[in-house]
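Working notes, beginning with the structure itself.
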Amino acid sequence: MRVPVVASAAAVKDIDAIPDRDLPVASDSESFCKAIVTLPRSPTVGERFAAAGLACVELHHNWDIQQRRLESVVVGEPPVSGVAPRPGALQAERRP
């Protein structure tokens, strides 16, 4: 789906997106509301974020990439070339 998404600062820190390039990021309720209202009123901005967000998802969050990441962890190989796991992601997954 090609839809622009607004994220909170807390949410965006755990995904492979670059804030304000791949999606607008809001730090409080006022900026969140402003971003949500701006996107439909500015089709150019909305389309830019929609395209950037889709490209980010296709690059970092598709099944092939995730499978290669998992396989590299299981067999102890370096991360998949060009697509590194998020910093701290592997350590967070190992916590009890």
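Please treat every number below as a calculation from the coordinates, not as lab data. Values in this document were obtained by computation on a predicted structure and should not be read as measured data. Glycine also receives a Cβ, built like all others from the backbone with ideal geometry; neighbour counts cover every protein chain displayed.
Inspect the stretch 33-41 for any residue being out of contact with any strand residue (DSSP E or B) (no Cβ under 6 Å at 6 or more places or on another chain), aliphatic (A, V, I, L, M), free of Cβ contacts under 8 Å to residues at least 24 places away in the same chain and loosely packed, with under 12 Cβ neighbours inside 10 Å and give the result as yes or no.
Within the stretch 33-41 (the criterion being out of contact with any strand residue (DSSP E or B) (no Cβ under 6 Å at 6 or more places or on another chain), aliphatic (A, V, I, L, M), free of Cβ contacts under 8 Å to residues at least 24 places away in the same chain and loosely packed, with under 12 Cβ neighbours inside 10 Å), the answer is yes, since at least one residue qualifies.
Scanning for something part of a loop (DSSP other than H, G, I, E, B) and either among the charged types (D, E, K, R) or under 14 Å from the mean Cα position of the chain (by Cα) (or both), does the stretch 51-62 turn up at least one residue?
For the stretch 51-62, residues part of a loop (DSSP other than H, G, I, E, B) and either among the charged types (D, E, K, R) or under 14 Å from the mean Cα position of the chain (by Cα) (or both): present.
Only residues that are loosely packed, with under 15 Cβ neighbours inside 10 Å and among the hydrophobic types (A, V, I, L, M, F, W, C): list them for the stretch 1-32, please.
Residues satisfying the conditions are Met1, Val3, Ala9, Ala10, Ala11, Ile18.
Restricted to the stretch 53-80, and to residues that are under 12 Å from Met1 (Cα atoms) and of a type in the set (Gly, Ala, Ser), which residue is surrounded by the most Cβ atoms within 10 Å (Cβ to Cβ)?
Out of the qualifying residues, it is Gly53.
Can you confirm whether the stretch 55-62 contains a residue that is touching a residue at least 40 places away in the same chain (Cβ under 8 Å) and touching a Leu at 6+ places or on another chain (Cβ under 9 Å)?
The answer is yes, given that some residue of the stretch 55-62 is touching a residue at least 40 places away in the same chain (Cβ under 8 Å) and touching a Leu at 6+ places or on another chain (Cβ under 9 Å).
Of everything in the stretch 6-48, what is in a helix (DSSP H, G or I) and either within 16 Å of the chain's Cα centre (by Cα) or of a type in the set (Gly, Ala, Ser) (or both)? Give them in sequence order.
Residues satisfying the conditions are Ala9, Ala10, Ala11, Val12, Ser29, Ser31, Ala35, Gly46, Arg48.
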